[in-house]
Amino acid sequence: MKFETPAGINPIDKQTVIGKPTDRIEGPLKTTGTAKYAYEHNDVVSNPAYGYVVGAAIAKGRIKSIDQTKAKAAPGVLAIVTAASAGPLKPGQFYVDKLLAGPDIDHYHQAVAVVVAETFEQARAAASLLKISYTKTKGAFDLAAAKDSAPVPKQGQFGPPPQTNVGDFGGAFASAPVKLDETYTTPDQTHAMMEPHATIARWDGDKLTCWSSIQQINWGVRDIATVLGIPKENIRLISTFIGGGFGGKGTVLSDIIAASLAARAAGRPVKVALPRPLIMNNTTHRPATIQRIRIGATPDGTITAIGHENWSGNLPGGRPESSTASTRLLYAGANRFTQLRLAVLDLAEGNAMRAPGEATGMMALEIAMDEMAEKLKMDPVAFRLKNDTQEDPEKPGRKFSTRKLVECLQTGATKFGWSKRQTQPGTVREGQWLIGMGVASAIRGAPVMKSAARVRLSREGIVTVETDMTDIGTGSYTIIGQTAAEMMGVSLDKVVVTLGDSTFPESPGSGGQWGAASATSGVYAACVKLREAVANSLGVHIEDAEFVGGQVLAGNRSHPLGDAAKAAELVVTDEMTYGTLSREYAQDTFGAHFVEVGVNSYTGEVRVRRMVAICHAGRVLNPKTARSQVIGAMTMGVGAALMEELVVDKHVGFFVNHDLAGYEVPVHADIPHQEVILLEDIDPTMSPMKAKGIGELGMVGVAAAVANAVYNATGIRVRDYPITLDKLIDKLSING
Amino acid sequence: MKTFTYERVNTPVEAAAAAARTPGAKFLAGGTNLLDLMKLEIEAPPHIIDIGKIGLDKIESTPAGGLLIGALVNNTDLAAHSIVRRDYGLLSRALLAGASGQLRNKATTAGNLLQRTRCPYFYDTNQLCNKRVPGSGCAAIAGFSRQLGIIGTSNACIATYPGDMAVAMRALDATVETVNAKGAKRALSLDRFYRLPGQTPHLETILEKNELITAVLLPPPVGGVHIYHKVRDRASYAFALVSVAAIIQKNGSGRVAVGGIAPRPWRVEGAESLLPSGAKAFAAQLLTGARPTKENEYKLALVERTVAAVLNEANH
Amino acid sequence: MDESNESTITRREMIAATTTAVTALAFSGMTGVQATSIQHTVPLSLAQVSFTVNGRAQSLNMDTRTTLLDALREHLQFTGTKKGCDHGQCGACTVLVNGRRINSCLSLALQHQGDTITTIEGLGTPDKLHPMQAAFVKHDGYQCGYCTPGQICSAVAVLNEIKAGIPSHVSASLLEKPVATNMELRERMSGNICRCGAYSNIAEAMSEVAQKQA
């Protein structure tokens, strides 16, 4: 099915199952420990061996030699695989990192060997017996030092154009009566999903099956084939449950290659999980940025010039952090300029992490807007409202499909009690604590991608959905089930959803905030076809047929749905593809974040006291799981604001704090009750589902709202994330 | 983790004797730090002596009015003990500010005293660390030192003692009781229990080989307001950037020990007479001789300000 | 230690058997790795441990290095208990031992001779959820689900700890009985990291169970 014109009324609009805050259908499995994650498929492999990945001990250079004598002689050892013994390996098509390195080492903890043994304990012990000698070479680890020589990169597959110019930014900024020119920095961050990257690999002849933790199954299969040089047809990839990803498990990383090579070398199925202290330097991360923002405005608060430059670093061939993306669309302004610059750094690969580009860019832009509002003596909400736009500011005439940023800000301001905010910072005190409020807008693109599904109808009236879509905690199982139930007129308990298997029809997987909108639309397409098959089978006209209550009503007659499959199970497959609507309309999601913080006037500790988010993101397929996406993203935003930083040791060349004690993410105590309001929105330009993603939107702007609240509490403007107490205390007045 | 042999013993003297028999053996109590380090091969004992079931898990009042805490009393039970809560609230507070509920259920009093630093270079066996490999160098001094020590450190090591419990015990004038393989007992005042690193940062306490901690003795309670103020980036489940353990009396006198800044709980009794004059004077004296790095010099101000917060709180 | 164990261990007990493992290795030639055969002569330490998991007695003979977590996951197939960090930094491996919660990753299986262990599988099943499991489903107190078993084991223990009067870092008074306020729950749950960020919902799920129990 091809979606080419805005959707009219369709069965989804009934919203008898869709749009309801249904409990997750896989909830009883997850809460009882019976949902199986990659490393836990002990039932499918008898007698697995264990692989342990060894990471490079240097940041850059060459392996001189690997002495395997002791490791090979260690108890239980079955095989040792290194780049030298693995045969030719190519990089994948998304990540540029070499997943088993040697002799050249590109970054610290890059995988250099996998040791396979009978037990986990033996593999781990033997891994430390490998004697690897290196020759170190000089590397580049300091983004600030590499900044000035960093070129503008080529346009990548994802992300905005590396440079955009509209009007005369330079002239307009120079002549603006009120202007701001500030630089902001965001640190390297790590996904820190709770499930480590893990794979069980099994070879049956030349067929490879991997139980792994991969967000995009289609990319996973493609990249296993590419890296190992084997045909895609020989690969089966299964990711039934994924213990978090946030972009960090987009496709193939070292665990899956290590497990596959190890299983081949050992002649046995092999289990590999990356040790936690290895993950942060071995796999991908969100790259650090340096951002310069310039805003010019007239005294009434009209933005006349807006410029955003961003510097980030990566391995050669890696992508830039697209921090300028939001600035192109969020606010009006006739003269505009954005530019990305990309340095080569010899740290682990920088790549997608939840709202790549938007999260980092808005950490800077939305502080800049707060600063600008202050210069203009305007309320920060009013300043944002003043510069709303209903069309793409780079392409006048191109409308937003739907855009309720104004309503988000206004609703949030009311709900939060924004009117109580004191304009003068540092004036609200409760005991030792200074209290402040902050706001930020949110915007995140709403891409939708080709997606396929197979649906089956049994004679018992059970509808089974099969697609290689994944559920990384997003609620895919449930919203896909709700979609099929709505389309086929059955209750949710009559739907079985099976996901995450490359033998199922292809979806775009979980990423880029496209998963929910795309995968459910694919299921919609397949269900349209199944409805036709049902009508055919029952001998009724599809135009006359109504699917409701497990029955098919046509004319005066009612047929149990399962009757259509009396003779044989009905099985159909279809996919949803798209025309040009996404070019005709700017399709985005919007939101507003309001945060109240307390800052201890003695110690500078910052604690979040209240959070309210308003989101506008198409039809809400399930308010319960959508809200959870948002509160989770808000939590990650608090982490970004206050504590998360992979610290670069510029001498050694690595992320120093590479475990979950050193890299702090928010804990329960950091997060108060969070309020989320989902504004009604039906976007018929998206798909028949009229839905958009929301999981990344919820993070965008949060950190800046926290930063702005810290400023409001203390009068101290920190432009260098995370906002830790050491950046506050020398300016913080104990007595107010 | 290197392979090891394992035995269980039934008494403290047996434990010490077992250690004397096997060079390099380690006592295993809660294991929350030792196993962590063994997985990374920072510790690699060839033999483990499990002392988890040798008793030493009682808390008893002493005839002199003090409190004797068995070495194997876990952190939860110690923090929740009625006498500790009533008379040594500082100790309860410090314990409850540390780690997590799960870890406190497992971690023991003796193990907590002996927990090793959390310096990230100590924890990464690819990096230079004089504490882990004597004489190899220290990558932390020129590296990421935001959380590391500012005083009592040396040019060989700037690691901190990471715990909370011992900081409170230091303010409470605790004594560590031990036994050796021959059954000989020692009482070691906590003020001299931890060594400063000098050129031998791998030597962390004055415990002798095969000596086993059996108890911690607290002297009779001294009253006053007990406050443990732990400063950290996130609100819980994190090591201290700075912590202040204070007992403040009505007349403004008091005792203050500071955590997170030194290789041992940092207390300078001679500075405490300045407490009535305020945090600034006290902190200046307490931190005399401090040698912070560029990355952790904020701790100088943070100590002063946290002491000020504590004094402010004590007055309310 | 319980009485029955005390009576069986009457003298110093050397549990580990130091043996010599002889394993013949056959490296597959499939990837060009040389086929070799190696005789191992390095000592391998094995030991025996018995404990009860979810009401059933278990006896294992295993590598001394095996943690309780790996014993549960790899030897006994209780994969509900998760390995998130293996270093006591995340709480995903939380189980109840003799009624108290611990990180099973920082405990040798051998330390649990005679212990009674409850994992997430022992609290309830998909058809018969424990009230805390049901509350997590109702309040969406999870997303990816990986930290969830640890969160639920911790949550059950936290309510018991509050009932038992154990104070926390945020208890205003050390002398009064703590109550299950939002802040008390959050502080006590802080050893269980949820990167999906379901904290707000978890606190609500726990509050509901706490109120029903009260």
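The values are calculated or read from the model by the stated rules, or taken from the named source; none is laboratory data. Model, not experiment: these values are computed from the prediction. Note that we place each Cβ from the backbone using ideal geometry, even for glycine, and neighbour counts take in every protein chain shown.
Any idea which of B:Gly89, B:Gly137 is among the small types (Gly, Ala, Ser) and without any contact (Cβ under 8 Å) to a residue 12 or more places away in the chain? Checking each option against the conditions leaves just B:Gly137. With respect to the conditions (1) within 8 Å of chain C (Cβ to nearest Cβ); (2) assigned to a loop (DSSP other than H, G, I, E, B); (3) modelled with pLDDT of 95 or more, B:Pro63 falls short on a single one, namely (1). Residues in the range C:124-144 that are without any contact (Cβ under 8 Å) to a residue 24 or more places away in the chain, facing chain A (nearest Cβ under 7 Å) and assigned to a helix (DSSP H, G or I) were compared, and the one that is surrounded by the fewest Cβ atoms within 10 Å (Cβ to Cβ) is C:Val137.
Only one residue in C:Glu187, C:Glu176 is acidic (Asp, Glu) and either at pLDDT below 95 or outside any loop (DSSP other than H, G, I, E, B) (or both). Which one?
Only one candidate passes the filter, namely C:Glu187.
Restricting the range C:87-123 to residues that are touching a residue at least 40 places away in the same chain (Cβ under 8 Å) and among the β-branched types (Val, Ile, Thr), which is nearest to the other protein chains (Cβ to nearest Cβ)? Once the filter is applied, the top-ranked residue is C:Ile120.
How many of the residues making up the range B:35-59 are within 9 Å of chain C (Cβ to nearest Cβ), hydrophobic (A, V, I, L, M, F, W, C) and surrounded by fewer than 24 Cβ atoms within 10 Å (Cβ to Cβ)? The total comes to 2.
Here is a check on your reading of the model: is C:Gln111 in a helix (DSSP H, G or I) and of a type outside the set (Lys, Arg)? Against the criterion (in a helix (DSSP H, G or I) and of a type outside the set (Lys, Arg)), C:Gln111 qualifies. Scanning the range B:100-127 for residues that are in contact (Cβ under 8 Å) with a residue 60 or more places away in the chain, touching an Asp or Glu at 6+ places or on another chain (Cβ under 8 Å) and farther than 25 Å from B:Ala187 by Cβ yields B:Tyr123, B:Thr125.
One residue is enough: does the range A:371-388 have a residue meeting the conditions among the polar types (S, T, N, Q), crowded, with 21+ Cβ neighbours inside 10 Å and under 28 Å from A:Glu680 (Cβ atoms)? Looking through the range A:371-388, at least one residue is among the polar types (S, T, N, Q), crowded, with 21+ Cβ neighbours inside 10 Å and under 28 Å from A:Glu680 (Cβ atoms). Which ones in the range A:615-630 are out of contact with any Phe, Trp or Tyr (no Cβ under 9 Å at 6 or more places or on another chain) and under 12 Å from A:Ala446 (Cβ atoms)? Hits for the range A:615-630 are A:Gly618, A:Arg619.
Looking across B:Ala271, B:Ala290, one residue alone is part of a helix (DSSP H, G or I) and surrounded by fewer than 22 Cβ atoms within 10 Å (Cβ to Cβ). It is B:Ala271.
Filtered by the rule that a residue be farther than 29 Å from A:Ala59 by Cβ and in a strand (DSSP E or B), the range A:300-334 gives A:Ile303, A:Thr304, A:Ala305, A:Ile306, A:Gly307, A:His308. Restricting attention to the range C:151-167, the residues that are within 13 Å of the chain's Cα centre (by Cα) and either polar (S, T, N, Q) or within 9 Å of chain A (Cβ to nearest Cβ) (or both) add up to 3.
For the range A:54-70, filtering for residues that are surrounded by fewer than 22 Cβ atoms within 10 Å (Cβ to Cβ) and of a type in the set (Gly, Ala, Ser) leaves 3.
Kindly indicate which of A:Gly481, A:Gly426, A:Gly473, A:Gly431 is within 14 Å of chain C (Cβ to nearest Cβ), over 21 Å from A:Cys615 (Cβ atoms) and not hydroxyl-bearing (Ser, Thr, Tyr).
The conditions single out A:Gly431.
Residue count for the range B:80-97 satisfying the condition of being crowded, with 22+ Cβ neighbours inside 10 Å, among the hydrophobic types (A, V, I, L, M, F, W, C) and more than 7 Å from chain C (Cβ to nearest Cβ): 5. Could you please find all residues in the range A:125-141 being surrounded by 15 or more Cβ atoms within 10 Å (Cβ to Cβ) and either within 14 Å of chain B (Cβ to nearest Cβ) or not in a loop (DSSP other than H, G, I, E, B) (or both)? Answer for the range A:125-141, where residues must be surrounded by 15 or more Cβ atoms within 10 Å (Cβ to Cβ) and either within 14 Å of chain B (Cβ to nearest Cβ) or not in a loop (DSSP other than H, G, I, E, B) (or both): A:Ala125, A:Ala126, A:Ala127, A:Ser128, A:Leu129, A:Leu130, A:Ile132, A:Tyr134, A:Phe141.
Is the range A:206-223 home to any residue that is without any contact (Cβ under 8 Å) to a residue 24 or more places away in the chain, of a type in the set (A, V, I, L, M), part of a helix (DSSP H, G or I) and away from every other protein chain (no Cβ under 11 Å)? Among the residues of the range A:206-223, not one is without any contact (Cβ under 8 Å) to a residue 24 or more places away in the chain, of a type in the set (A, V, I, L, M), part of a helix (DSSP H, G or I) and away from every other protein chain (no Cβ under 11 Å), which makes the answer no.
Within the range A:483-510, take every residue that is on the phi > 0 side of the Ramachandran plot and in contact with a Gly (Cβ under 7 Å, 6 or more places away or on another chain) and give me the one that is surrounded by the fewest Cβ atoms within 10 Å (Cβ to Cβ). Filtering first and then ranking leaves A:Gly489.
Of the residues in the range A:266-283, at least one is among the β-branched types (Val, Ile, Thr), in a strand (DSSP E or B), at pLDDT 95 or above and crowded, with 24+ Cβ neighbours inside 10 Å. Is it the case that some residue within the range B:18-29 is within 20 Å of the chain's Cα centre (by Cα) and within 9 Å of chain C (Cβ to nearest Cβ)? Scanning the range B:18-29 turns up at least one residue that is within 20 Å of the chain's Cα centre (by Cα) and within 9 Å of chain C (Cβ to nearest Cβ). Look at C:Lys212 and say whether it is outside any helix (DSSP H, G or I) and either at positive phi or among the basic types (Lys, Arg) (or both). It is false that C:Lys212 is outside any helix (DSSP H, G or I) and either at positive phi or among the basic types (Lys, Arg) (or both). The requirement of being closer than 19 Å to A:Ala352 by Cβ and within 14 Å of chain C (Cβ to nearest Cβ) is not satisfied by A:Lys271.
The strands (runs of 3 or more DSSP E) located wholly in the range A:528-647 that include 3 or more residues which are free of Cβ contacts under 8 Å to residues at least 24 places away in the same chain and away from chain C (no Cβ under 14 Å) occupy A:557-560.
Note on the range A:1-94: enclosed helices (runs of 4 or more DSSP H) holding 3 or more residues that are under 30 Å from C:Met132 (Cα atoms) are A:27-32. Being assigned to a loop (DSSP other than H, G, I, E, B), in contact (Cβ under 8 Å) with a residue 40 or more places away in the chain, more than 27 Å from A:Lys60 (Cα to Cα) and out of contact with any Ser or Thr (no Cβ under 8 Å at 6 or more places or on another chain) is the requirement here; does B:Arg146 meet it? So B:Arg146 fails the test.
The residues in the range A:279-310 that are touching a Pro at 6+ places or on another chain (Cβ under 9 Å) and within 14 Å of chain C (Cβ to nearest Cβ) can be counted, and the count is 2.
Taking the conditions (1) at negative phi; (2) more than 10 Å from chain C (Cβ to nearest Cβ); (3) surrounded by fewer than 23 Cβ atoms within 10 Å (Cβ to Cβ); (4) more than 27 Å from the chain's Cα centre (by Cα) in turn, A:Gly51 satisfies each one other than (3). Can you find a residue in the range A:667-685 that is closer than 30 Å to A:Ala56 by Cα, facing chain B (nearest Cβ under 7 Å) and part of a loop (DSSP other than H, G, I, E, B)? Scanning the range A:667-685, I find no residue that is closer than 30 Å to A:Ala56 by Cα, facing chain B (nearest Cβ under 7 Å) and part of a loop (DSSP other than H, G, I, E, B), so the answer is no.
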